[in-house]
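First the structure, in the form of C-alpha cells, and then the observations on it.
The values are calculated or read from the model by the stated rules, or taken from the named source; none is laboratory data. Fair warning: this is a prediction, and the values are worked out from it, not measured in the lab. Cβ sites come from the backbone with ideal geometry, for glycine too, and all protein chains shown count toward neighbours.
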Amino acid sequence: MTDELTPETPDEDEQPIKQRKNGLYPGVSDELAASMQSGWADTELRDLEPIEQAPNAARRRAALSARFPGERLVIPAGNLKTRSNDTEYDFRASTEYVYLTGDQTEDSVLVLEPRTGEDGHDATIHRLPRSNRENGEFWLDGMGELWVGRRHSLAEAEALLGVPCKDVRELAAALTEATGPVRVVRGHDAGIEAALRDKVTAERDEDLRVYLSEARVVKDDFEVGELQKAVDSTVRGFEDVVKVLDKAEATSERYIEGTFFLRARVEGNDIGYGSICAAGPHATTLHWVRNNGPVRSGDLLLLDAGVETHSLYTADVTRTLPINGRYTDLQRKIYDAVYEAQEAGIAAVKPGANFRDFHDASQRVLAEKLVAWGLVEGPAEKVLELGLQRRWTLHGTGHMLGLDVHDCAAARTEAYVNGTLEPGMVLTVEPGLYFQADDVTVPEEYRGIGVRIEDDILVTADGNRNLSSALPRRSEDVEAWMAELRG
Ligand SMILES: [Mn+2]
C-alpha cells in the first residue's frame with residue numbers, strides 16, 4: 001500500500017482536516033491546493049434501482065416500529081477498528097444494521113424517529129456523504145475518497161436503499177439535543193453511544209437487541225436464497241481443498257485455510273468465521289483456528305468453514321476427511337457413529353418439534369455407541385441422565401444460522417433453545433466425537449481422533465431440506481468423492 005502524499009512537515013499534516021486553517025496546508029502550495037479543487041467530472045449516478053433486499057428491509061423496519069411505538073431507535077453500522085497505526089481491520093457492518101437496511105457502509109447509523117401525533121416511525125440513514133473537494137477533505141484527509149475510494153452520494157444511497165439519507169457528522173449533536181425515549185444497539189459505535197449516554201439504560205437497550213435477534217429466527221425467501229448461495233460456494237471451497245491436499249501435506253494446515261479463503265473472497269464477501277482446518281489431533285480442539293500444524297497421510301482432516309455472501313449470510317459446514325482418501329477401520333467406526341447421530345438429528349428437524357429434540361436424538365446415538373465400545377459404563381439411559389457422554393461430545397448439536405454464524409444469539413431461551421421449530425428456520429446439525437490426545441480413559445488408538453459432520457438445515461412445511469446435501473456425508477461416499485476430485 002502507498003503512503004499519503006508526503007508533506008514537508010509531516011507532523012503538522014497529521015492534524016485532521018477540520019483543524020487546518022483557511023486552505024493553507026503545510027507543505028502544499030496554494031497553486032496545488034487550487035488545482036486539486038477543480039477539474040473533476042460530475043460522476044453522480046442517476047436512475048439507480050433499489051437493491052434486491054430493500055423491500056425485505058422495509059418490512060423488518062415496519063415490524064420494529066410496531067414493537068417500540070413512540071421511541072427513537074438508533075442502530076449503528078459500526079466504525080473501522082485500528083489494526084495498527086494507520087491501518088484498519090476489514091470492516092464488517094453490524095448484523096442489526098445490515099438486517100434493517102441491506103447496507104454495509106461503515107460509520108452509518110439507522111435512526112427510526114417516532115412520528116409526532118401519529119403511529120409509526122420515519123427512518124433515516126445517517127452516513128458519510130461524498131468528500132468535499134473545496135476544503136481539501138477529498139485528498140488531504142485519510143478518510144477522503146482519494147484514499148479510500150468513491151462513496152455513494154446521499155442521493156445515490158437513498159435510491160439504492162429506499163431510505164432518506166443525511167450527513168452522519170451532524171447526528172451525535174442532534175441526538176444529544178433530542179428529547180423523548182430512545183434506545184440504541186450497543187457495542188458498535190462509541191461516539192453515538194456517548195451522545196446518548198444520559199438518555200438510555202442498559203436494560204432497555206438490551207430489549208432492542210433481543211428483539212432484533214428474535215426477529216431473525218425465521219428467515220424470509222431472500223435470506224434462504226442467500227444461505228443457499230453461501231452453502232453452494234462453500235461446497236466449491238471444500239472441493240478446492242480436497243484437490244490440494246498433497247500441497248497441504250507438503251506445507252501445513254495454512255494451505256487449506258488459504259485455499260478455502262480464496263474461494264470465499266472470489267465468490268463472496270469473506271469467510272463467515274475463522275476457518276477451522278484441523279488435521280490429526282487438532283481436530284479435538286473445537287475452535288482450532290491457528291491452522292499452523294502438519295497435514296499427514298493416515299490422519300483425518302476436520303474442516304469447518306463457511307463462505308459469507310456479499311449480503312453477509314454465511315454457511316457453516318464441517319466434513320471430516322481421510323487425508324489419504326481412505327478411512328482406517330477405527331476412523332471409519334467413529335465417523336460412521338457420528339454420521340448415524342447426525343442422521344438421527346436431521347430426522348428430528350421438523351415444524352412443531354422442540355429445538356432441543358435434534359440434540360437429544362444425536363446425543364442418544366452417541367451415548368449408545370460409547371457404551372457399546374466399552375468406553376463408558378452403561379446403560380446409555382444412565383449415561384445420558386448424568387451427561388457422561390459429554391466428555392467426548394463436548395458441544396451442543398446445532399444452532400441458528402444466518403447473518404451471524406451463531407445467529408440470533410441474543411434471543412431469549414423461550415424463543416430459541418426452549419422454543420419450537422417453524423418453517424423458515426435455518427439451523428446446523430453437527431454432532432461430533434472427540435478423543436483428546438491426552439485422554440487416558442480411552443484406548444490409545446482412539447486418542448487424537450476428532451470427528452464432526454455439520455450440515456445446514458432449512459425447516460420446511462413438511463420436514464426439512466439439507467442445504468448442504470451436495471457434499472457427501474456417508475464414509476464410502478466421501479471416499480468416492482475424494483477419489484474423483486483427485487483423479
Ligand atoms: Mn456450527
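Structural remarks
- Output for region 397-410, where each listed residue is surrounded by fewer than 16 Cβ atoms within 10 Å (Cβ to Cβ) and within 10 Å of the ligand (Cβ to nearest atom): HIS406
Here's the yes/no breakdown for (1) without any contact (Cβ under 8 Å) to a residue 24 or more places away in the chain; (2) closer than 23 Å to THR101 by Cα; (3) in a loop (DSSP other than H, G, I, E, B):
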position	(1), (2), (3)
ASP119	no, yes, yes
ILE125	no, yes, no
ASN135	no, no, yes
TRP139	no, no, no
HIS152	no, yes, yes
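- Residue within region 230-245 that is within 25 Å of PRO351 (Cα to Cα), out of contact with any Pro (no Cβ under 9 Å at 6 or more places or on another chain), in the same structural domain as THR95 (by TED's automatic domain parsing) and touching a residue at least 12 places away in the same chain (Cβ under 8 Å) present: no
- Verdict on TYR255 being under 23 Å from the mean Cα position of the chain (by Cα), away from the ligand (no atom under 16 Å from the Cβ), touching a residue at least 40 places away in the same chain (Cβ under 8 Å) and buried (at least 16 other Cβ atoms within 10 Å of the Cβ): yes
- Checking region 27-45 against the condition returns no match, with no residue being at pLDDT below 65, farther than 30 Å from TYR211 by Cα, in a loop (DSSP other than H, G, I, E, B) and of a type in the set (Gly, Ala, Ser).
- Subset of region 97-111 that is assigned to a loop (DSSP other than H, G, I, E, B) and either surrounded by 24 or more Cβ atoms within 10 Å (Cβ to Cβ) or aromatic (Phe, Trp, Tyr) (or both) - its residue that is farthest from the chain's Cα centre (by Cα): SER108
- In region 373-487, counting only helices (runs of 4 or more DSSP H) that sit wholly within it, the ones holding 1 or more residues that are aliphatic (A, V, I, L, M) and more than 24 Å from ILE346 (Cβ to Cβ) span 380-386, 475-486.
- Test set (1) out of contact with any Ser or Thr (no Cβ under 7 Å at 6 or more places or on another chain); (2) within 18 Å of LEU171 (Cβ to Cβ); (3) not in a strand (DSSP E or B) - PRO69 fails condition number: (2)
- Given (1) closer than 30 Å to ASP42 by Cβ; (2) surrounded by 15 or more Cβ atoms within 10 Å (Cβ to Cβ), index of the condition LEU175 fails: (1)
- Test: residue in region 112-126 that is crowded, with 21+ Cβ neighbours inside 10 Å, modelled with pLDDT under 95 and outside the structural domain of THR314 (by TED's automatic domain parsing): no
- ALA367 crowded, with 22+ Cβ neighbours inside 10 Å and more than 16 Å from the ligand (Cβ to nearest atom): yes
- Restricting region 324-364 to residues that are in a loop (DSSP other than H, G, I, E, B) and under 28 Å from the mean Cα position of the chain (by Cα), the residue that is surrounded by the most Cβ atoms within 10 Å (Cβ to Cβ) is VAL349.
- Of all residues in region 420-436, those being away from the ligand (no atom under 12 Å from the Cβ) and either polar (S, T, N, Q) or crowded, with 19+ Cβ neighbours inside 10 Å (or both) number 7.
- Annotation: GLY162 fulfils all but one of (1) more than 26 Å from THR95 (Cβ to Cβ); (2) surrounded by 15 or more Cβ atoms within 10 Å (Cβ to Cβ); (3) of a type in the set (Gly, Ala, Ser); the unmet one is (1).
- Of all residues in region 191-204, none are in a helix (DSSP H, G or I), within 16 Å of the chain's Cα centre (by Cα) and either without any contact (Cβ under 8 Å) to a residue 60 or more places away in the chain or under 25 Å from ARG412 (Cβ atoms) (or both).
- Positions within region 108-128 being touching a His at 6+ places or on another chain (Cβ under 9 Å) and closer than 17 Å to ARG151 by Cα, in sequence order: SER108, VAL109, ARG127
- Residues located in region 272-302, provided they are within 13 Å of the ligand (Cβ to nearest atom) and touching a strand residue (DSSP E or B) at 6+ places or on another chain (Cβ under 6 Å): GLY272, SER275, ILE276, LEU302
- VAL218 being within 21 Å of LEU100 (Cβ to Cβ), without any contact (Cβ under 8 Å) to a residue 24 or more places away in the chain and assigned to a loop (DSSP other than H, G, I, E, B): no
- Pick from region 439-463, criterion among the acidic types (Asp, Glu) and touching a strand residue (DSSP E or B) at 6+ places or on another chain (Cβ under 7 Å), ranking: nearest to the ligand (Cβ to nearest atom): GLU454
- Exactly one residue among TYR327, TYR313, TYR339, TYR335 is closer than 25 Å to GLU226 by Cα, of a type in the set (Phe, Trp, Tyr) and either out of contact with any Cys (no Cβ under 7 Å at 6 or more places or on another chain) or away from the ligand (no atom under 16 Å from the Cβ) (or both), and that residue is TYR313.
- Test: residue in region 376-395 that is under 30 Å from LEU208 (Cβ atoms) and outside the structural domain of THR95 (by TED's automatic domain parsing): yes
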